[in-house]
Amino acid sequence: MGARMADEKSYDYVIVGAGSAGCTLAHRLSEDAGVRVLVLEAGGWDSDPLIGIPILWGRNALQRRHDWNYSTEPEATLAGQRLPIYRGKVIGGSSSINAMAYVRGHRSDYDRWAGFGLQHWSYAHALPYFKRQETWQGGSDPYRGGDGPLTTCTPDFADPVGDAFLEAGAAAGLPATPDYNAAQQEGFCRSQSTIRNGKRCSAAVAYLRPALMRPNLAVETGALVTKVVIEGGRAVGVAYDKDGASVTVRADREVILSGGSINSPQLLMLSGIGDPDELRRHGIAVRAPLPSVGRNLQDHITADVDFLRTESGPLHRMLRYDRTAIELAKAHFLGKGMFAGVPNNVMAYLKATPNAPIPDVQMLFRLAPATAGPYFEPFKHAYDDGFGCRPVVLRPESRGRLSLASADPRAAMRIELNFYAAEADRKAMRAGIRLAREIFSQAPLQRFIASEIAPGPDVVSDADIDAHVRKTAATVFHPLGTCKMGADSDETAVVDGELKVRGIDGLRVVDASVMPDLVGGNINAPVIMIAEKGADMIRGLPAPAPLNV
């Protein structure tokens, strides 16, 4: 290791990013009393009380209160739309701003990874870490954990339309499942959320805060990491900016990047790890030629199927300003009431395309329109109440990429999702929209429907549905794959099966960017699983025995 400046601080592990993965790693690595752990987070502490109130997640996200404010380049495949990309810039990362969905994906997703030469990432190997991460409201069983840091539950949200959605699935002859995170994913089901006592249970709440009392764990907020310091082919620390000053800190054992699927590849590139041609264009010296850094970008695409409601529902009535104030107080101080839940408490995993072997579409049910918000007549008029669902294409074939806009660490990456480019994705989305309409045509839901708002009753043909999607599609905010994990024989891999960056010693990436491809569902739980497993690898601990259930 090179010479150390007298005023240079040193830790065993330096973790870049205090999101879901970073908080998990901080907790697990600091369990070893003999090591010193530093976590660097560009955002601030999660002290905003609005973060904790579950129903406010959508409003907080739309206002981008604790966000990096990323957007895509104009997407040529989506009529030139620039899609917002919500990414948490706060302690807890995106787990502090997300919809709190607890979804593991389908077991075959991890067996598919094993088929890529990553044998120790199969479902049987992943399941012990899924169990380790959670305390499920139903207690421990062969699939669920009973004493982990993350509280998972099925939150209540009293609205008869949610029940009608489940009944409509049965009326359409579609399956149901008691637990999509257990033996059977396919079917209509109650949603599961990371909520504890009526409050958001983020990775910061679950993992980081219980570890803060340990003297061997330090956390720096407002710290923008600008590069990994590399000496002799080894990562030995990082440089970061804080309060206008440039600071360098050493890592005696490892530097671990947990900045997420946008920030981790950016930091690799800024440090000279990436496509040599791209790095040279920005005047960055090449430390390790890895052309795949920033490639393989994937995300879940969705589009709206929305309906106007025949009469206002319970949430609409509760959003009158005077009632809202009371409900907010109940949620904040007591963790009680309607605002302590989420208005998307039912969903479905379904096979929309013919002969699909596993669910290929997720139906995200919504009990309120995007326009929902407080009102008080006659000063502010009430919104038109509605509901609907968003079909999500679970395993899209379209691939995007990230690229540097400049060598300035403060300049946002150029993000190109390339959504809806593959015909398979278009087929799945069309099938999902048609299946959603079939579900909403069933008697249990029809009594609540005044009219179809989107796509609109005249949008029937493939071409018209495609046009609707291109104009209105959105991401479900699950970007991944930009530092792809792969076997030694995989030339497109950025990290190996132990999450080590190729060509540089002492450097790992542990976050959603290492996923080879998309899992069938929301990704927060899989990211925490990866960090739990990664922590064992970093600590040199034996992995738990595979669970073949």
- request: Show the residue pairs that are 6+ apart or on different chains and have beta-carbon atoms under 8 Å apart, the first residue being within the range 436-450 and farther than 18 Å from R390 by Cβ, the second being aromatic (F, W, Y) and not in a helix (DSSP H, G or I).
  value: A450/F307
- prompt: Inside the range 284-327, can you point out the residues that are open to solvent by 50 Å² or more (accessible area, probe 1.4 Å) and farther than 27 Å from P378 by Cα?
  reply: A285, V286, R287, P289, P291, R295
task: Would you check if R82 is farther than 21 Å from A531 by Cα, open to solvent by 40 Å² or more (accessible area, probe 1.4 Å), without any contact (Cβ under 8 Å) to a residue 40 or more places away in the chain and in contact with a strand residue (DSSP E or B) (Cβ under 6 Å, 6 or more places away or on another chain)?
output: yes
task: Considering each residue of the range 159-213, count those that are in a helix (DSSP H, G or I) and hydrophobic (A, V, I, L, M, F, W, C), and give that number.
output: 13
query: Which one of these is in contact (Cβ under 8 Å) with a residue 40 or more places away in the chain and within 14 Å of the chain's Cα centre (by Cα): G521, G506?
result: G521
- prompt: What's the number of the condition M347 fails, among (1) assigned to a loop (DSSP other than H, G, I, E, B); (2) under 26 Å from P178 (Cα atoms); (3) at pLDDT 95 or above?
  reply: (1)
- prompt: In the range 182-197, what residues are within 18 Å of S96 (Cβ to Cβ) and over 21 Å from the mean Cα position of the chain (by Cα)?
  reply: N197
query: Given the conditions (1) β-branched (V, I, T); (2) open to solvent by 40 Å² or more (accessible area, probe 1.4 Å); (3) in contact with a strand residue (DSSP E or B) (Cβ under 7 Å, 6 or more places away or on another chain), and given that T371 satisfies all but one, which numbered condition is not satisfied?
result: (3)
task: Report yes if some residue within the range 443-451 is among the hydroxyl-bearing types (S, T, Y), open to solvent by 10 Å² or more (accessible area, probe 1.4 Å) and either over 18 Å from D111 (Cα atoms) or touching a Leu at 6+ places or on another chain (Cβ under 7 Å) (or both); otherwise report no.
output: yes
Within the range 131-161, considering residues that are basic (K, R) and touching an Asp or Glu at 6+ places or on another chain (Cβ under 8 Å), the one least open to solvent (accessible area, probe 1.4 Å): R144
message: Residues to consider are A164, A176, A183; find the one that is open to solvent by less than 10 Å² (accessible area, probe 1.4 Å) and modelled with pLDDT of 95 or more.
response: A164
query: In the range 226-245, what residues are open to solvent by 20 Å² or more (accessible area, probe 1.4 Å) and within 23 Å of G88 (Cβ to Cβ)?
result: T226, K227, D241, K242, D243
- request: Give the number of residues within the range 68-79 that are open to solvent by 50 Å² or more (accessible area, probe 1.4 Å) and not small (G, A, S).
  value: 3
statement: Flagged pairs (Cβ under 7 angstrom, 6 or more apart or on separate chains; first in the range 126-151, touching a residue at least 60 places away in the same chain (Cβ under 8 Å) and over 14 Å from Y180 (Cα atoms); second part of a helix (DSSP H, G or I) and hydrophobic (A, V, I, L, M, F, W, C)) are A126/M529; Y129/M529; Q133/I528; Q133/M529; P149/A206; L150/A206; L150/I528
query: Would you call G388 open to solvent by less than 20 Å² (accessible area, probe 1.4 Å), out of contact with any Gly (no Cβ under 7 Å at 6 or more places or on another chain), within 22 Å of T475 (Cβ to Cβ) and among the small types (G, A, S)?
result: yes
- request: Out of G520, G497, report the one residue that is in a loop (DSSP other than H, G, I, E, B) and buried (at least 23 other Cβ atoms within 10 Å of the Cβ).
  value: G520
- request: Could you tell me whether C483 is touching a strand residue (DSSP E or B) at 6+ places or on another chain (Cβ under 6 Å), open to solvent by less than 10 Å² (accessible area, probe 1.4 Å) and assigned to a loop (DSSP other than H, G, I, E, B)?
  value: yes
field: Selection from the range 240-275 of residues that are aliphatic (A, V, I, L, M) and more than 27 Å from the chain's Cα centre (by Cα)
entry: A245, V247, V249, A251
query: Out of L270, L319, L328, which single residue is modelled with pLDDT under 95 and touching a Pro at 6+ places or on another chain (Cβ under 7 Å)?
result: L319
Tabulated pairs, the range 467-479, first at pLDDT 95 or above, second surrounded by 19 or more Cβ atoms within 10 Å (Cβ to Cβ) and polar (S, T, N, Q), C-beta under 6 angstrom, 6+ apart or interchain: A474/T302; V476/T302; P479/S261
message: Suppose the filter is crowded, with 22+ Cβ neighbours inside 10 Å, over 28 Å from W113 (Cβ atoms) and in contact (Cβ under 8 Å) with a residue 40 or more places away in the chain; does F365 pass it?
response: yes
field: Test set (1) under 22 Å from L150 (Cα atoms); (2) open to solvent by 40 Å² or more (accessible area, probe 1.4 Å); (3) in a loop (DSSP other than H, G, I, E, B); (4) not small (G, A, S) - R65 fails condition number
entry: (1)
- request: Within the range 460-479, identify whether any single residue is open to solvent by less than 10 Å² (accessible area, probe 1.4 Å) and under 26 Å from R28 (Cα atoms), and answer yes or no.
  value: yes
task: Could you look through the range 74-122, keep only residues that are of a type in the set (G, A, S) and in a helix (DSSP H, G or I), and pick out the one that is farthest from W57 (Cα to Cα)?
output: G115
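The values are calculated or read from the model by the stated rules, or taken from the named source; none is laboratory data. None of the values given here were measured: they were computed from a predicted structure. Ideal geometry is used to build each Cβ from the backbone, glycine not excepted, and the neighbour counts take in all protein chains shown. For the accessible areas, the whole protein counts, side chains as well, though only heavy atoms, and no ligand, DNA or RNA atoms are used. Shrake-Rupley method; radii C 1.70, N 1.55, O 1.52, S 1.80 Å.
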